[in-house]
1. Please go through segment B:181-200 and pick out each residue that is open to solvent by 30 Å² or more (accessible area, probe 1.4 Å), within 14 Å of chain A (Cβ to nearest Cβ), of a type in the set (A, V, I, L, M, F, W, C) and touching a residue at least 12 places away in the same chain (Cβ under 8 Å).
2. Within segment A:19-51, restricting attention to residues that are polar (S, T, N, Q) and open to solvent by 90 Å² or more (accessible area, probe 1.4 Å), which residue is farthest from B:Thr172 (Cα to Cα)?
3. Looking only at segment A:172-209, which residues are under 16 Å from A:Val119 (Cβ atoms) and in contact with a Ser or Thr (Cβ under 8 Å, 6 or more places away or on another chain)?
4. Which of the residues spanning segment A:147-162 are among the charged types (D, E, K, R) and free of Cβ contacts under 8 Å to residues at least 40 places away in the same chain?
5. Would you say A:Val168 is in contact (Cβ under 8 Å) with a residue 12 or more places away in the chain and either surrounded by fewer than 19 Cβ atoms within 10 Å (Cβ to Cβ) or not in a strand (DSSP E or B) (or both)?
6. In segment A:60-92, what residues are open to solvent by 20 Å² or more (accessible area, probe 1.4 Å), modelled with pLDDT under 90 and either within 16 Å of DNA strand D (Cβ to nearest atom) or of a type in the set (A, V, I, L, M) (or both)?
7. Within segment B:201-219, which residues are part of a strand (DSSP E or B) and either at pLDDT 95 or above or open to solvent by 30 Å² or more (accessible area, probe 1.4 Å) (or both)?
Protein chains: 2
Amino acid sequence: MKSVSSFIPAYYRLAEDLKQKIESGELKPGDVIPSESQLAKQYQVSRMTVRQGVALLAKEGFIESIQGKGSFVTVPRMDTLVLRFSENNLLGESKTLQVKLLDVGVIAADRKISAKLAVSPGTRILKMKRLLLADEGPVAVDSRFLPYVKGVPLLEREMEYAAFPDLVARNTNLVSARNNFKVSASILLKEEAELLEAKVGLPALCVEQIIYASNDQPIGWSKMICRGDRFTLTAVSHPF
Amino acid sequence: MKSVSSFIPAYYRLAEDLKQKIESGELKPGDVIPSESQLAKQYQVSRMTVRQGVALLAKEGFIESIQGKGSFVTVPRMDTLVLRFSENNLLGESKTLQVKLLDVGVIAADRKISAKLAVSPGTRILKMKRLLLADEGPVAVDSRFLPYVKGVPLLEREMEYAAFPDLVARNTNLVSARNNFKVSASILLKEEAELLEAKVGLPALCVEQIIYASNDQPIGWSKMICRGDRFTLTAVSHPF
DNA sequence: CAGTGGTCTAGACCACCCT
DNA sequence: GGGTGGTCTAGACCACTGG
C-alpha cells in the first residue's frame, strides 16, 4: 500500500493522525489508542508499519506502550527540559564571542581539586583560566581543571575556544560519557569583579561542570562565573 | 535465529556490541559502522532486526544514519543537557517539602503581565503566591499567573502542590505544548528576604517559566525566587 | 483463554549518494 | 551502476496481561 500518491511515508501519516487526535483532545491522557492490529486494518498497512508510527510517537513522548495491555496517551512531561549549554549561548544579542586566555599551567592538586577529580592530593593538574567577552564587555570567567596527561599537548587555540567537554576528550583520548552540570547563585567576589569589570556583589550565576569517563572517573572540572546582568540560562521542554 | 539460548533480543545484543566497540575506541567518532546488510550477515539476522538495533543506537545518540551513505559514529553531545525541574528537587537532603499558599486571587493584568501572557492589559488574571519550605526552612517564593478561565475552579490543594505545567493544563483544559524555562541570577529584595527568612542581598536563583499552548499562546507564567544557599539546579547529559 | 505489544523473517522496491 | 539507508509486506512466534 505504498502506491501512487502520498510522498509522505505511511507510518508518518499514521503518527501525525494520532498526534492530531491527541492535540485536539479527541484522545486524552490515559486513553488507550487502538491496538496495532486495528490500526493496521484501518490504515490498510502491515503491522510493522503501524509499529514504526507508534514507535515514533513514543519517542516523541506522546504515547507509552505497555506489553500485554496497549498503548496509552501520555502528557508530554513539561518538567523535563533540554538545556543547550555552549559558549555561544553566553552571547545575548551580540554576535561575537571573544575568549582571552588569562592563565594556563600545571599545578598540584589541592584538597578541593583532588576531591572534585577524585585524584590524590598533589597530582599534576592542568589548569587554565579564561575570560569570555561579548560585544558589551566581559561576560564570564572560567576555570578549568584536567588531570595532566603527558604526551598530549593542547594547543592554545583549543584551550581558548574548545567547549569544555571537547577539551576534556582531547586531553584524555577517552570518550567522555557524562557531564554533571550544576547551576548555583552567587555574587561577584573582588577578583571576579575586577576581571568582569563590574562591582563586587553583583549577582552572578555559577555554572559548574564535571565530566566523567565511562568508568565513572572524573576527568574534568570546570567552574564558570557569569555576570548575572549579561547572562541567563534558558531551556525548553521536549525539542521535537 | 531467535532460537534456543539468549533471553536478550538479537537487536539488543547487536546494539550493545556496537556500543561497546564505540566506547572502547575500536570505532571512533566519524567512522562508518558496517552496512546494514553486512551486519545482517555477520549476526545471522534479518535486515529489519539490524535496523532495530541501529535505530536504538541512533536514539541513544551513538550513531547517526545518513541515507545513501551509511551510519556514522557520533560523539554524544555533552553540551545538550537534561534538566528535571520539579518542586521535589528543590529539596536538598531534606525529605519533606511543605507548601504554604500565601495569596490567591483574580487581578487585572498590568503591563508586565499582559506582555508576558500576550493578553490585553486589564484582562482578568488568576494570581497565586506560594512559599516553599524544606526541613531547614524556606527555600523559595513562587508567583504564578494564569489567564482567568471562568467555570474552571481550582482547588486549594491543586494550587498549593500541583507542578506549574500541570496547574496550567488543569486551568485551561488545553494540552500545553511547550515550557520556556529561564534561569537568572538575582539577590533577595526586602519582601522576598522577609518571606524566606534571610538577609536582603542574599544570592538567589530566579526561575521563570512560561507555558505555551500548541497555538503558541502563552497560558501561564511563573516566577520563582530561590535562596541560593539552599538550592542549586542540576542537569546531566543524555539520560539513557 | 483471547488480546495486546515485542521480536523476527525473507523477501521487495524506493530514494539517495558516489563514482 | 552499485551500494547505502528508508519504507513496507504478510506472515510467524513469543511474553505479558487480563478476565
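1. B:Ile187, B:Val200
2. Of everything passing the filter in segment A:19-51, A:Gln44 is farthest from B:Thr172 (Cα to Cα).
3. A:Leu174, the sole residue that qualifies.
4. The answer is A:Lys150, A:Arg157, A:Glu158.
5. Details: in contact (Cβ under 8 Å) with a residue 12 or more places away in the chain: yes; either surrounded by fewer than 19 Cβ atoms within 10 Å (Cβ to Cβ) or not in a strand (DSSP E or B) (or both): yes.
Considered against the rule, which asks whether it is in contact (Cβ under 8 Å) with a residue 12 or more places away in the chain and either surrounded by fewer than 19 Cβ atoms within 10 Å (Cβ to Cβ) or not in a strand (DSSP E or B) (or both), A:Val168 comes out as yes.
6. A:Val75, A:Leu91
7. Of all residues in segment B:201-219, those part of a strand (DSSP E or B) come to B:203-213, B:218-219.
Residues satisfying the conditions are B:Pro203, B:Ala204, B:Leu205, B:Cys206, B:Val207, B:Glu208, B:Gln209, B:Ile210, B:Tyr212.
Conditions (1) closer than 30 Å to A:Ile33 by Cβ; (2) within 16 Å of DNA strand C (Cβ to nearest atom); (3) aliphatic (A, V, I, L, M), marked per residue:
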site	(1), (2), (3)
A:Ile66	yes, yes, yes
A:Met78	yes, no, yes
A:Phe85	no, no, no
A:Leu97	no, no, yes
A:Gly122	no, no, no
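The values are calculated or read from the model by the stated rules, or taken from the named source; none is laboratory data. It should be emphasised that the depicted structure is a prediction, and the values quoted were computed from it without experimental measurement. Backbone-built Cβ (ideal geometry, glycine too); neighbour counts: all protein chains shown. Heavy atoms of the whole protein, side chains included, go into the accessibility calculation; ligands, DNA and RNA do not. Shrake-Rupley method; radii C 1.70, N 1.55, O 1.52, S 1.80 Å.
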